[in-house]
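Take a look at the structure below.
Bear in mind that the values in this text are calculations on the coordinates, not laboratory data. Here the structure is a predicted model, which is why all the values come from computation and not from measurement. Cβ placement follows ideal geometry from the backbone for every residue including glycine, while neighbour counts extend to all protein chains displayed.
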Amino acid sequence: MSADSIGITIERAFGELDPLPISHLVREVRFGGDEVMEAVRSKTWKELRPLKDYFPDGWILGFFSARTFQYYLPAFLYALAEGEVDACYLDPLLQSLGYRHARASFERGLSWFRSPERGWQDAAPEARRVYLQLPEDERRKEAECRADIAGKMALGETKGVNWGYDAYLSSADRKFAERMAVLTEEQKRCIALSLAFVQEQYPGGSYAHCVQEILDRYWRSFLPPIGEASDDCSL
């Protein structure tokens with residue numbers, strides 16, 4: 001496989017998608033900041049190159065609904081094919097495509113949150129903006145969880161606090177199922193080929209085991225049989 005052949009495959013799989021209505025941009029893309037929304041609102045996904053000029057951080061994928069994810073995913077796949085393979089894109093992309101951190105890894109990643117001195121309050125404005133988009137019952141549950149954590153922090157009783165690993169798994173699995181439901185078979189095949197390309201190009205990279213895991217768990221079944229030539233790629 002080559003970057004050019006992957007690019008052709010992405011174009012054929014996602015090229016006919018209709019642009020998103022402005023309501024999607026206002027509701028979801030603005031989580032990345034007003035600058036991000038203004039940068040992408042008049043662009044199709046094909047025009048978001050280099051991607052870092054439009055989406056400087058891949059974590060915005062976590063806020064996308066299934067339809068928005070389907071529309072912008074090819075831009076992220078192109079970025080990988082063109083060599084923008086680093087943590088700011090690859091980690092959130094792999095999580096959006098089925099990778100799940102182990103509990104120990106998740107806990108290490110949230111270690112900053114456990115201490116008020118580490119500035120978790122700095123995220124409050126962005127968090128409030130995100131919460132406004134959640135359904136009322138989810139906002140209420142989140143508020144109750146935050147209140148419980150804040151109370152235990154104030155009392156110094158942080159040991160045993162539910163930091164949300166189970167919620168992380170539940171939410172990630174639900175979003176993954178919703179996204180899989182809107183993707184076409186051709187698009188799923190394209191994703192599988194893109195992951196196989198990343199694995200081929202960066203076999204010793206720090207995320208190699210993550211790519212291997214989600215290929216084996218979800219995506220390998222969408223790859224063409226070994227030795228079978230496709231229109232644009234061969235394995």
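Cβ crowding within 10 Å, taken as a proxy for footprinting-reagent exposure, orders 211, 26 from fewest neighbours to most as 26, 211.
Can you sort 219, 59, 45 so the residue with the fewest Cβ neighbours within 10 Å comes first?
Ascending Cβ contact count within 10 Å gives the list 59, 219, 45.
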